[in-house]
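Notes follow once the structure below has been shown.
The values are calculated or read from the model by the stated rules, or taken from the named source; none is laboratory data. Every value quoted in this text rests on a predicted model; they were computed, and no experiment measured them. All Cβ positions, even for glycine, are placed from backbone atoms using ideal geometry, and neighbour counts span all protein chains on display.
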Amino acid sequence: MMYWIVFALYTVIETVADQTVAWFPLYYELKIAFVIWLLSPYTKGASLIYRKFLHPLLSSKEREIDDYIVQAKERGYETMVNFGRQGLNLAATAAVTAAVKVIFYLHFSSNSTLIKSMDKVWCLFISDCYEIWQNSLCLFL
């Protein structure tokens, strides 16, 4: 775990360094040598950097990091709830719209009095469903 934390820090620093000091002679060779030093079980470079520099820094900021994680969890939960509401709203709107279109299609495309009488019942049913849906949205919002 220590290696990956050090390597993540190295990656951030490398991104900036590649833009600014890549012109330096032997830059890429030094970069490769540094990564080998980090990886080597004999030198334990990542462990050394972590224990000397990163662990004390992370320990001093532990409470702030924990608070940030809690805030991120809360915001993530709120975001998922909002996406869920929007998805349900979209699905309900699509269902009601599709039902209304089917009823109007049946009503205008057929001459049968049986279908027309069924259309009236369906129209009442759909309008009731739409009204219930509108009222339930008010409860969530």
If you go through region 37-55, how many residues are loosely packed, with under 11 Cβ neighbours inside 10 Å and in a helix (DSSP H, G or I)?
-> 1
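Report yes if S117 is exposed (fewer than 11 other Cβ atoms within 10 Å of the Cβ), at pLDDT 75 or above, in a helix (DSSP H, G or I) and among the small types (G, A, S), otherwise no. Step through it out loud before you land on a result.
Working: exposed (fewer than 11 other Cβ atoms within 10 Å of the Cβ): yes; at pLDDT 75 or above: no; in a helix (DSSP H, G or I): yes; among the small types (G, A, S): yes.
No.
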